[in-house]
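Trainee: First the structure, then my questions, so here it is.
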Amino acid sequence: MAAHEGDSFWERQLLEEAAVPMAYRQDPLRVQGFYNARRRRLAALEPTAAHRALAQLEAAWPGDFLLVTANADDLHERAGSRALIHLFGELLKVRCTECHHAHPWAEDLDFSSCCPSCATLGQLRPHLVWYGEPPLEMERIHAALAQCTCFLALGTPGHLHPAVGFLEEVPPFARTLVLSAEPGAEPDGFQERRAGPALLRVPELVAELLAGLA
């Protein structure tokens with residue numbers, strides 16, 4: 001899970017420690033407590049102008065639309081996005097290590113938590129992709145990339161994964177654009193490059209795309 005803006009260095013260090021399967025096996029209650037605290041904090045966060053702009057783009061886009069996010073919060077959903085994949089899982093879901101079913105979950109998690117599917121106690125873990133685990137719904141992402149006509153990589157350097165890996169799967173006729181916080185110094189293969197904070201530049205880009213549809 002990506003750290004939210006404003007997280008302290010100490011919290012980011014804890015996140016790196018908690019996002020390792022071995023940490024969960026060694027001290028599950030500590031890891032559960034870390035994610036319980038982050039889950040409780042979600043209610044105080046609000047979607048940004050960038051979240052709302054992407055939901056607006058989805059609603060107006062004339063063809064298929066898919067938003068793939070590396071974030072595990074629910075801000076895209078609260079902004080109105082529906083065609084959405086959380087590549088690295090969702091903080092407001094849990095997964096049972098016994099029956100492997102995932103379920104919505106907004107409460108704290110501990111050894112007394114019961115799986116809604118198999119009724120097993122103490123086997124629920126955060127539905128998050130930890131280091132060394134595969135990203136989620138890759139087959140669906142591959143299928144969307146294969147028929148993509150416009151690929152936007154927003155808030156990420158274009159030469160890093162997953163953006164660069166996704167770019168390799170986009171058809172040669174597709175429009176490709178990367179928007180990162182800083183001007184890219186590394187070659188990345190994108191046709192268009194823009195720099196600046198996503199909070200400002202994403203709404204600008206969406207307004208431009210929507211104007212082109214008119």
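The values are calculated or read from the model by the stated rules, or taken from the named source; none is laboratory data. What you see is a predicted model, and the numbers here were worked out from it, not measured in a lab. We place every Cβ from the backbone using ideal geometry, glycine too, and count neighbours over all the protein chains shown.
Trainee: Give just the number: which of (1) surrounded by 14 or more Cβ atoms within 10 Å (Cβ to Cβ); (2) in the same structural domain as Asn36 (by TED's automatic domain parsing); (3) free of Cβ contacts under 8 Å to residues at least 24 places away in the same chain does Phe65 not satisfy?
Mentor: Failing condition for Phe65: (2).
Trainee: Also: Assuming His142 fulfils every condition listed in (1) closer than 24 Å to Gln32 by Cβ; (2) surrounded by fewer than 14 Cβ atoms within 10 Å (Cβ to Cβ) apart from one, which condition is it?
Mentor: Every condition holds for His142 apart from (1).
Trainee: Can you list residue pairs whose Cβ atoms sit under 6 Å apart, with the first residue in the stretch 186-206 being under 14 Å from Cys150 (Cα atoms) and the second being part of a loop (DSSP other than H, G, I, E, B) and at pLDDT 95 or above? Count only pairs 6 or more apart in sequence or on different chains.
Mentor: The qualifying pairs do not exist here.
Trainee: Can you pull out every residue in the stretch 121-150 that is of a type in the set (S, T, N, Q) and modelled with pLDDT under 95?
Mentor: At the first step, the residues of the stretch 121-150 found to be of a type in the set (S, T, N, Q) are 123, 147, 149.
Passing the criteria: only Gln123.
Trainee: Just give me the residues in the stretch 77-91 being touching a helix residue (DSSP H, G or I) at 6+ places or on another chain (Cβ under 7 Å) and hydrophobic (A, V, I, L, M, F, W, C), in sequence order.
Mentor: Passing the criteria: Ala79, Ala83, Leu84, Ile85, Leu91.
Trainee: Quick check on the stretch 95-113. Is at least one of its residues basic (Lys, Arg), at pLDDT 95 or above, under 18 Å from Asn36 (Cα atoms) and out of contact with any helix residue (DSSP H, G or I) (no Cβ under 8 Å at 6 or more places or on another chain)?
Mentor: Initially, the stretch 95-113 is screened for residues basic (Lys, Arg), giving 95.
Still in the list and also at pLDDT 95 or above: 95.
With the extra rule that they be under 18 Å from Asn36 (Cα atoms), the set shrinks to 95.
Narrowing the set further to residues that are out of contact with any helix residue (DSSP H, G or I) (no Cβ under 8 Å at 6 or more places or on another chain) leaves 95.
Yes, because at least one residue in the stretch 95-113 is basic (Lys, Arg), at pLDDT 95 or above, under 18 Å from Asn36 (Cα atoms) and out of contact with any helix residue (DSSP H, G or I) (no Cβ under 8 Å at 6 or more places or on another chain).
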